[in-house]
Amino acid sequence: MGFRINTNVAALNAKANSDLNAKSLDQSLARLSSGLRINSAADDASGMAIADSLRSQANTLGQAISNGNDALGILQTADKAMDEQLKILDTIKTKATQAAQDGQSAKTRTMLQADINRLMEELDNIANTTSFNGKQLLSGSFTNQEFQIGSSSNQTVKASIGATQSSKIGVTRFETGSQSVSSGVVGLTIKNYNGIEDFKFQDVVISTSVGTGLGALAEEINKSADKTGVRASFDVKTTGAFAIKAGETGTDFTINGVNIGKVSYQDGDKNGSLVSAINAVKDTTGVQASQDENGRLVLTSADGRGIKIEGSIGQGSGILNSQKENYGRLSLVKNDGRDIAIDGTNLSAIGMGKTDIISQTSVSLRESKGQIDANTADAMGFNSYAGGGKQIIVGYSSLSAFMSSEGSGFSAGSGFSEGSGKNMSVGLQSGVVVISAMSTNNVYLVSKGSGFSEGSGNSQFATLKTSAGNNAGVASETSGVTTLKGAMAVMDIAETAINNLDQIRADIGSVQNQITSTINNITVTQVNVKSAESQIRDVDFASESANYSKANILAQSGSYAMAQANASQQNVLRLLQ
């Protein structure tokens, strides 16, 4: 081999290899000290881009988990507040149940209503003050609120919390038919009871026999109340138009086919002869007699069969001819504010035919706290007779006598007298009771469409009202549980309110479960994303320590080789000796 001095190729090769080894050693030391395989873009350009994307996704998922936990905190706050409201509603319903029996006096019922009023105030207070981070939760404004729970935009969960004030919950539908005065076989169907299908009940006979009448129909309806959501009650009661006056019944006096016979009775039925005679056969007739606070005769059918009086009960009893056959009024209740759509055959026998006026209303929990207006009270079944403008006219022998009298609004020249062609007398034939002193006459009604109903602008309605000896129509009622019927209604409304809150809580619970599942899922996703990033970005210490040892040894051996390469040039001097 040749010997050259100017260029020490061996030393240069040793230096080049030493430089490479020094780089490897420096890179290995950097990875071992930082714990990262990629410390700069030059280490792995594509790997760094992927790792940065994965790190961004993992960080976003971490914030999404925090958002989800915030949403859970909001919903749990609302849920606990509604749990307290449900306890309040349970107490309201319990107190209404306590008031729903005639062992309570007016004073105790008033005290119970005062307690209920306070409870309603606290219910509203909770609804109006429950908040999270200054955001009202139960006031009805928390609707379609979105929570970002994904790594990309619009990956959200929506949550809504319904309003829970007393004016927004407990909206209950009440519908009461007109008074039925005819018997027959009734086939009743509730339309679209579940939003799709109709529900047909078994046909029921409306008569005066045992096991028939509105009581039997109500029983049939209530058997399926859990399915249809509609419950029924009835009020079969015949009340005299005035306090009992002395008189006597005829020998043909009969109630529901049972002959009672001749009974003489005094003013106010002082010796109880009339009431006692009727009650002596109540187990057979199903009709019980009593007197109300005004001294009027009251006949009540407890089991809901009809009340049919035949023969003469006497004018002094106060029972009008038109009320001698009475099958009562049917009331329907539904635990939501929607209309109760009914159909069927012979519905006029239950006062719900196409030509009957059905009183109907929807009442919230708060509305049960204040004065119940006459129309609402009628729809809630407070009255045995259909209301809507029925009047009692005293001092006339007949309707025509009233219509022809001066000041009635129907006399000659008024434009409404007989022969005018306006047929207003026909319109009256649906709700005015005309009584001449102690005599009873036909019943006439001022109904909607007659031209004399309230708000029609015709002075005749005012005339009728002014001329009335007393009003047989509906009246406003005191609030809440201060009456038996009111207590029953508050029970229904409180039950609806409980169902409303339970529904809202159930919706919240579903969203909580959804968010919890989402949090669990994105937590696993975040772990996997971080693991993938770690595979790319983080150093494998076992592998890298081996690389370090190799680079370290090579660095040392390179130094030795360079030294040997430099020493080998000394052989040239031997050639010159």
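The values are calculated or read from the model by the stated rules, or taken from the named source; none is laboratory data. Here the structure is a predicted model, which is why all the values come from computation and not from measurement. Note that each Cβ is placed from the backbone with ideal geometry, even for glycine, and that neighbours are counted across all protein chains shown.
For Asp52, are the conditions met, namely being assigned to a helix (DSSP H, G or I), under 30 Å from Thr156 (Cα atoms) and not aromatic (Phe, Trp, Tyr)? Yes, satisfied.
Looking across the range 196-215 at every residue that is of a type in the set (A, V, I, L, M) and assigned to a strand (DSSP E or B), the one that is surrounded by the most Cβ atoms within 10 Å (Cβ to Cβ) is identified as Ile206.
In summary, strands (runs of 3 or more DSSP E) completely within the range 139-195 and bearing 3 or more residues that are touching a residue at least 24 places away in the same chain (Cβ under 8 Å) and surrounded by 19 or more Cβ atoms within 10 Å (Cβ to Cβ) occur at 172-176, 184-190.
Taking the stated definitions as given, is Ser317 crowded, with 18+ Cβ neighbours inside 10 Å, in contact (Cβ under 8 Å) with a residue 12 or more places away in the chain, polar (S, T, N, Q) and closer than 18 Å to Leu217 by Cβ?
No: the conditions fail for Ser317.
Given the criteria touching a helix residue (DSSP H, G or I) at 6+ places or on another chain (Cβ under 9 Å) and under 30 Å from Asn521 (Cβ atoms), does Ser139 qualify? Against the criterion (touching a helix residue (DSSP H, G or I) at 6+ places or on another chain (Cβ under 9 Å) and under 30 Å from Asn521 (Cβ atoms)), Ser139 does not qualify.
Answer yes or no as to whether Phe174 is of a type outside the set (A, V, I, L, M), within 22 Å of the chain's Cα centre (by Cα) and under 30 Å from Ile307 (Cα atoms). Steps first, answer last, please.
Details: of a type outside the set (A, V, I, L, M): yes; within 22 Å of the chain's Cα centre (by Cα): yes; under 30 Å from Ile307 (Cα atoms): yes.
Taking the combined requirement at face value, the residue satisfies it.
Suppose the filter is modelled with pLDDT of 95 or more and surrounded by fewer than 16 Cβ atoms within 10 Å (Cβ to Cβ); does Asn222 pass it? Yes, satisfied.
Would you mention how many residues in the range 168-204 are within 30 Å of Glu122 (Cβ to Cβ) and either aromatic (Phe, Trp, Tyr) or modelled with pLDDT under 90 (or both)?
First pass over the range 168-204, keeping only residues within 30 Å of Glu122 (Cβ to Cβ): 168-174.
Next cut, either aromatic (Phe, Trp, Tyr) or modelled with pLDDT under 90 (or both) only: 174.
Counting residues in the range 168-204 that are within 30 Å of Glu122 (Cβ to Cβ) and either aromatic (Phe, Trp, Tyr) or modelled with pLDDT under 90 (or both) gives 1.
Checked against (1) touching a residue at least 60 places away in the same chain (Cβ under 8 Å); (2) on the phi < 0 side of the Ramachandran plot, Thr129 passes all but condition (1).
Residues in the range 144-182 that are of a type in the set (Gly, Ala, Ser) and on the phi > 0 side of the Ramachandran plot: Gly170 alone.
Out of all the residues in the range 87-98, is one or more modelled with pLDDT of 95 or more and within 27 Å of Gln514 (Cβ to Cβ)? Yes, the range 87-98 contains a residue that is modelled with pLDDT of 95 or more and within 27 Å of Gln514 (Cβ to Cβ). Against the conditions (1) farther than 26 Å from Arg173 by Cβ; (2) in a helix (DSSP H, G or I), Ala241 satisfies every one except (2).
Quick test for you: out of Ser46, Ser33, Ser66, pick the one residue that is of a type outside the set (Val, Ile, Thr), closer than 24 Å to Asn521 by Cα, assigned to a helix (DSSP H, G or I) and without any contact (Cβ under 8 Å) to a residue 24 or more places away in the chain.
Answer to the selection: Ser66.
Just so you know, in the range 548-562 the residues that are surrounded by fewer than 18 Cβ atoms within 10 Å (Cβ to Cβ) and not small (Gly, Ala, Ser) include one that is farthest from the chain's Cα centre (by Cα), and it is Tyr560.
Restricting the range 286-308 to residues that are touching a strand residue (DSSP E or B) at 6+ places or on another chain (Cβ under 6 Å) and in contact (Cβ under 8 Å) with a residue 60 or more places away in the chain leaves a set whose member that is farthest from Thr254 (Cα to Cα) is Gly304.
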